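> After the structure tokens below, expect a handful of questions from me.
No lab work stands behind these numbers, since they all come straight from the coordinates. Worth saying up front: this structure is predicted, and the values here are computed from it rather than measured. Every residue, glycine as well, gets a Cβ built from its backbone with ideal geometry; the counts of neighbours run over all protein chains shown.
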Amino acid sequence: MHGQKAFLSGNEAVAAGVRLARPHVIAAYPITPQTTVIERLAEMVEDASLKTEYLHVESEHSALSACIGASAVGARTFTATSSQGLLYMAECLHYASGGRFPVVMMNANRSLALPWNIYGDQRDSLSLLDCGWIQAYAEDAQESLDLIIQAYAIAEHPDVLTPLMINLDGFVITHTYELVSLPSQEGVDAFLPPFQTVNKMDLDHPMSLAFTAGPAYNQAFKQLQHQALLSASKVILDIEERFGQFFGRNYSGLIETMHCEDAEFILVTLGSVAGTVRPVVERLRSLGERVGLVRIRYMRPFPDLEIRKALAGAKAVGVLEKDISFGYEGTVFTNVNSALSRSNVKPSRLLNFIGGLGGKDISAADIEHLFLRLKSTDDGETVAFI
Amino acid sequence: MNYPVWQRSFKPPKDLAEYPVGTAFPAGHLVETNASWRSQRPVIDAEKCSSCRICWLLCPDGVIHNTKPEGLEIDYDYCKGCGICAKECRQKAIRMENEGI
Amino acid sequence: MEKQSHLSEKKISIRNLSDREYFYGHKACPGCGGSLALRLALKVLGERSYAVVPAGCMSAVGFIFPQMAFTCNAIISTFPGTASMLSGVAAGARALGIKDFHAVGFAGDGGTADIGFQALSGAIDRHDKIIYICYDNEAYMNTGVQKSGLTPIGARTTTSPAGRRLKGALTQKKPMFEIVAAHGIDYAATASVGYPLDYLRKLNYASKVDGTSYIHVFAPCPIGWGHDTSDTISVAKNAVDCGLWYLAEFSEGQFTLNHKPGEFTSVGDYLFGQNRFCHLQEDDLKAIIMERNAKWKSICRSWSYS
């Protein structure tokens, strides 16, 4: 089931994953730094290595609306966007999840205007955390590719039937080239069966879709939607295990931990910055510091049990995120804090570090400083910009 | 049948397991009528009716059916009493009668 | 070749129109012109239709769980998303190997000329094989009669009130038919529920077009316009007869007028038969008639007639 290796950017790895997953319909609108995904896909259509209906839509709203329409007849779909484009889709994001259309989308995490900026932060996807999508955050190109293939299996699972958004940090992942292992087409075809659903229009059994449900019924549909997202936690684990059996690469579920078993000071983060944290943790460990890392891989469903377990022995925890809910704190911090508050895991210090907004650099020295902040007993601010 | 009928026996879902998957439900599924909307009802005078079916063509609710050999039949479960049929009938074969209270 | 086969097609008439109802038991207001436009269209297009209906009157009255009024496949789209969802449905069905289907949209005037305009333009540009029907009742009726881009000048709506200073809507209808034609659309037509056979013929033509079709059907709303529920058809017919609406087609780059009133009926009778225009005065009427005359002069100059 192992194919060849290729030197690909994150975006190109996504495009390679999409080709292997054989979507029936791709509808997308260009936006920096997503563009090379849809350029590569267009080239694959041109050279006939990808057979799909490729729609040149005139906006992101239409991109997702078209994917929903295609999903509503039982087609597998893909779209990709970023930043302002994701916001422009907002109506359709809720529509896709409410209608239980398992669209798979890649989002290149990018800052939101104003001021204008094309570089990476995660305010775009995190501000849409409540739109009912499964949200995954990749750390590198290989994981991006593997997530795309897993995404269809997760999203289309009958217990889940929920759209899935894979987030790649703009430029840092989308445009960085790495050696990537490509699964074979036969392997992916065996791993990923064709999409089957009863949630579709059917010429033999006509259906009414995307209907209205009044106060007597509406909440039940929302409860079912919530249940489906919660069910995804287990489905993700099952799919990853199966993926490991097929392709030999194993993933660790909703979070990934590093040295958390005995760590006193733990940074919780997500996306590419984990790659900066990792060598710092190793270096501090070599100096005898008991530090650790939690990388959140899925923000929805939220890994509350996993986080509690990983942070159980920590004296101090810092949540580092490229996001801020203005007037309060980072959204990831709110979620981590909420998970801890529902347990007896109570680190003596819980700090929120906001950084990387608009692509501001977060260096290894910055990370080391954060661990120092966690160790210090000074009463600093709980929410601090770095 | 060329049109759906009122499903009197339909029981709305009680617990979550009885709800449809996603937002997909069988088409042409009627669980209530529109009869109470009407203040007047159209009545066809079979003597005058030429079966031209202009009333059927122009009815926004499609409730004038050609299902009986003896002439057109109005589905009073779904007629709203708009009066287009009576107005457009060239034979003046449809009269609007007040509904009793 | 293609065109000839259309022309030789048997004409749709009351006699051969399908008896099957595809939109039944809906909650549209009595005398609703839009629901008639939709019902007739689906009779022509048939059971292998996927109907896409944006948020608006026809979706609000047709899909209230567990009461489903469409008997063919149908889906509500987002308000701006009629055309983009139609493109997706058509692309999905094509990719799955489904044959002989129609992807047909039914959007109101606001959903077409305003919020849904961008997606419609995109779909026409792609020449996607879809049928887009705009049922024009000249205001946002589902939300309570607010002015849209297709509200005619002088019409009173809840957001274009008529009082001492303002006389209803201040702007004329966007020329949607000409706008879609300017895209080089494969087929476009105007119609009126007051001329149902002309409408049916155009639907039948659209069903065979290999590309994008747009039909703009004039569909009175008794509640919003302020006329009796029984007058829907006659009001729709009068609009054509007095020259404020017209029946035309655009195909292969050519405009064709389908109906030329020998002598226009009274614009005043048309307008003053509806509450939304009853505040208009002699000068307003004159201005509307002048505008009508200018429009018809332009139509007669540049469109052929058949």
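> Would you calculate the separation in nanometres between label points at A:Ala384 and B:Gln91, each defined as 7 Å from the Cα along the Cα-to-beta-carbon direction?
Once both label points are built, they end up 9.1 nm from each other.
> Do any chymotrypsin sites (Phe, Trp or Tyr not before Pro) in the stretch A:318-353 lie in a loop, going by DSSP, with at most 10 other beta-carbon atoms within 10 Å of their beta carbon, and if so which? Show your work: numbers first, answer last.
Numbers: sites: A:Phe326, A:Tyr328, A:Phe333, A:Phe353; in loops: A:Phe326, A:Tyr328.
In loop regions of the stretch A:318-353 (DSSP not H, G, I, E or B), the sparsely surrounded chymotrypsin sites (Phe, Trp or Tyr not before Pro) are A:Phe326.
> What share of the DSSP beta bridges in the protein assembly as shown is antiparallel, in percent to the nearest 5?
Percentage antiparallel, nearest 5: 35.
> Between C:Leu247, C:Leu280, C:Leu17, where does the largest GNM mean-square fluctuation fall for chain C, given springs only between Cα atoms within less than 10 Å?
C:Leu17
> Over the stretch A:226-372, what portion of Cα pair distances is larger than 24 Å, expressed as a whole percent? It would help to have the intermediate numbers written out before the result.
On the way: 3498 of 10731 pairs.
Percentage above 24 Å: 33.
> Hey, another quick one. If the convex hull of the alpha-carbon atoms of the protein assembly as shown is projected onto planes in all directions, what is the mean projected area in square nanometres?
It is 39.0 nm².
> Let me ask you something else. Efficiency by 1/(1 + (r/R0)^6): what FRET value for C:Asp210 and C:Asp125, r their Cβ-Cβ distance, R0 = 22 Å, to the nearest 0.05?
That gives a FRET efficiency of 0.85.
> Once amide H atoms are placed 1.01 Å from N in the peptide plane, what residues at a sequence separation of 5 or more from C:Tyr246, or on another chain, have their amide H within under 5 Å of its amide H?
Long-range HN contacts for C:Tyr246: none found.
> Bin width 10 Å, alpha-carbon pairs only: give the P(r) of the stretch C:1-111 as whole percents, running from 0 to the bin holding the largest distance.
Bin by bin from 0 Å, the calculated values are 13, 41, 34, 11, 1.
> Moving to a separate point now. Could you derive backbone 3J(HN,Hα) for the stretch C:41-54 from the dihedral phi with the Karplus parameters 6.51, -1.76 and 1.60 (θ = phi - 60°), listing whole Hz in sequence and x where the residue is Gly or Pro?
In residue order, the calculated couplings are 4, 5, 4, 6, 7, x, 6, 8, 9, 10, 8, 10, 10, x Hz.
> Could you tell me what percent of the DSSP beta bridges with both partners in chain A are antiparallel, to the nearest 5?
25 percent
> Enumerate lysine pairs in the stretch A:255-385 that are 8 or more residues apart or on different chains, then count those whose Cα atoms are under 12 Å apart.
Numbers: A:Lys309/A:Lys346; A:Lys315/A:Lys346; A:Lys315/A:Lys375; A:Lys322/A:Lys360.
Counting lysine pairs in the stretch A:255-385 gives 4.
> Along Cα→Cβ, 7 Å out, is where each label goes; now give me the distance between the ones at B:Ser39 and C:Thr171 in nm to one decimal.
It works out to 3.7 nm between the two label points.
> Right, another one. Given a Förster distance of 60 Å, report the FRET efficiency between C:Ser18 and A:Leu237 from their Cβ-Cβ distance, rounded to the nearest 0.05. Don't skip to the answer; put the middle values down first.
Details: r = 52 Å, r/R0 = 0.87.
My answer for the efficiency is 0.70.
> State whether the stretch C:2-305 is rounded, prolate or oblate according to the following rule on the C-alpha gyration tensor (a ≥ b ≥ c being the square roots of its eigenvalues): a/c under 1.5 gives rounded; otherwise a/b larger than b/c gives prolate, and the remaining case gives oblate. Don't skip to the answer; put the middle values down first.
Values: a/c = 1.66, a/b = 1.33, b/c = 1.24.
Prolate is the answer for the stretch C:2-305, as a/c is 1.5 or above and a/b outweighs b/c.
> Taking the radius of gyration and the Kirkwood hydrodynamic radius from Cα positions alone, what is the Rg/Rh ratio for the stretch C:110-242, to two decimal places?
Details: Rg = 15.5 Å, Rh = 15.6 Å.
Ratio of gyration radius to Kirkwood radius: 0.99.
> Hey, what's the per residue convex hull volume over the C-alpha atoms of the stretch A:1-159, in cubic angstrom?
In the stretch A:1-159, the Cα convex hull volume per residue is 115 Å³.
> Arrange the peptides C:126-135, B:22-31 so that the one whose residues have, on average, the most other Cβ atoms within 10 Å appears first.
On the way: C:126-135: 25.2, B:22-31: 21.3.
Ranked by mean Cβ neighbours within 10 Å, highest first: C:126-135, B:22-31.
> Next question. Would you work out if the stretch A:296-386 is rounded, prolate or oblate? Take a ≥ b ≥ c from the square roots of the eigenvalues of the alpha-carbon gyration tensor; rounded if a/c is under 1.5, else prolate when a/b is larger than b/c, oblate otherwise. Before the final figure, lay out the partial values.
On the way: a/c = 1.67, a/b = 1.22, b/c = 1.37.
It comes out oblate by the Cα gyration axes.
> Among A:Ala339, A:Ala16, A:Ala48, which one shows the biggest mean-square fluctuation in a GNM of chain A, springs joining Cα atoms closer than 10 Å?
Highest fluctuation of the listed residues: A:Ala48.
> In the structure displayed, which of C:Lys129/C:Lys202; C:Lys202/C:Lys260; C:Lys129/C:Lys295; C:Lys43/C:Lys208 lie more than 21 Å apart, Cα to Cα?
Numbers: C:Lys129/C:Lys202 16 Å; C:Lys202/C:Lys260 17 Å; C:Lys129/C:Lys295 31 Å; C:Lys43/C:Lys208 15 Å.
Flagged as over cut-off: C:Lys129/C:Lys295.
> Give the shape of the stretch C:113-173 as rounded, prolate or oblate, defined through the alpha-carbon gyration tensor: a ≥ b ≥ c are the square roots of its eigenvalues, a/c under 1.5 means rounded, and otherwise the shape is prolate if a/b is larger than b/c and oblate if not. Mind dumping the intermediate values first?
Working: a/c = 3.56, a/b = 2.68, b/c = 1.33.
Note, shape of the stretch C:113-173 comes out prolate.
> What is the dipole size for chain C, taken about its Cα centre, with +1 at each Lys and Arg Cβ and -1 at each Asp and Glu Cβ, in debye to the nearest 20? It would help to have the intermediate numbers written out before the result.
Values: 31 positive and 27 negative charges, 11 e Å.
Using Cβ point charges on Lys, Arg, Asp and Glu, chain C gives about 60 debye.
> Give me D for the stretch A:235-297 in µm² s⁻¹, whole number, from Stokes-Einstein with Rh from the Kirkwood sum over alpha-carbon pairs, 4 °C and 1.567 mPa s. Working shown, then result.
On the way: Rh = 12.7 Å.
Calculated translational D: 102 µm²/s.
> Same structure, new question: Against the empirical 2.2 N^0.38 Å scaling, what ratio does the C-alpha Rg of chain B come to?
Numbers: Rg = 16.9 Å, N = 101, 2.2 N^0.38 = 12.7 Å.
Its radius of gyration relative to the 2.2 N^0.38 Å reference: 1.33.
> Continuing with the same structure: Sequence neighbours fewer than 8 away in the same chain don't count; with that in mind, list the aspartates and glutamates whose C-alpha is under 17 Å from C:Lys147.
Partners within reach: C:Asp109, C:Asp114, C:Asp136, C:Glu138.
> Based on DSSP, what percent of beta bridges with both residues in the stretch A:255-385 are antiparallel, to the nearest 5?
15 percent
> Okay, moving on. Rounded to the nearest 0.05, what FRET efficiency is calculated for C:Cys278 and C:Cys300 with R0 set to 30 Å and r the Cβ-Cβ distance?
On the way: r = 31 Å, r/R0 = 1.03.
For C:Cys278 and C:Cys300, the calculated efficiency is 0.45.
> Over 30 Å, how big is the tail of the calculated P(r) for chain A, in percent of all Cα pairs? Spell out each step's value before the answer.
On the way: 27764 of 74305 pairs.
Of the Cα pairs, 37 percent sit more than 30 Å apart.
> Now for a separate question. Restricting to DSSP H runs of at least four residues, report the calculated mean residue ellipticity at 222 nm for the protein assembly as shown, -39500 (n - 2.57) per run over all residues, nearest 500 deg cm²/dmol. Mind dumping the intermediate values first?
Details: 26 runs with 268 residues, N = 793.
Estimated from H runs of four or more residues: -10000 deg cm²/dmol.
> Take every Cα pair under 8 Å in chain C that's 6+ residues apart, average their separations, divide by the length, and report that relative contact order as a whole percent.
Values: 599 pairs, mean separation 48.4, N = 306.
Relative contact order here is 16 percent.
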